[in-house]
Amino acid sequence: MNVLIAIALGFEPIPHFTIGDVHTYNLGRDRQLSFSNIGTANEFLHITQLDKHNLKVITDIICIHNYDYDGLMTTTKLENIINALSSKII
């Protein structure tokens, strides 16, 4: 997996600097996938729930994929996660 593939699938870089080089995918209903450190040994993917009154505040977070346990993300696995969690089929 690399950043260009994630962007082609609909992930967007966040507009400010973070150490994790985070890209997000809008799932709708104030939820998003956040993908950090894509293609590295620090790679992880998590789903976040945003505060409905302030979309800059995360109220819940669940790790879905972590390099330490799952290895590097594959395109197929990422497509399956997006399809399972969103109403968009890619």
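Derivation of every value follows stated rules applied to the coordinates shown; laboratory data play no part. This is a predicted model, so every value here is computed, not measured. With ideal geometry, Cβ positions are generated from the backbone for all residues, glycine too; neighbour counts draw on all protein chains shown.
List pairs: first residue in the stretch 47-68 and at negative phi and in a helix (DSSP H, G or I), second residue among the aliphatic types (A, V, I, L, M) and surrounded by fewer than 16 Cβ atoms within 10 Å (Cβ to Cβ) anywhere in the structure, Cβ distance under 6 angstrom, at least six positions apart or on different chains.
Taking only residues 6 or more apart or on different chains, the pairs are Y67/A41.
Output yes when any residue across the stretch 1-23 is in contact with a Leu (Cβ under 8 Å, 6 or more places away or on another chain) and of a type in the set (S, T, N, Q), and no when none is.
no
Here is a list: I19, I81. Which entry is without any contact (Cβ under 8 Å) to a residue 40 or more places away in the chain and either under 14 Å from V3 (Cα atoms) or β-branched (V, I, T) (or both)?
Values: I81 fails: without any contact (Cβ under 8 Å) to a residue 40 or more places away in the chain.
Every option except I19 fails the conditions.
On the basis of being under 10 Å from the mean Cα position of the chain (by Cα) and farther than 18 Å from I5 by Cα, does T59 make the cut?
On the way: under 10 Å from the mean Cα position of the chain (by Cα): no; farther than 18 Å from I5 by Cα: yes.
When the stated conditions are applied, T59 does not pass them.
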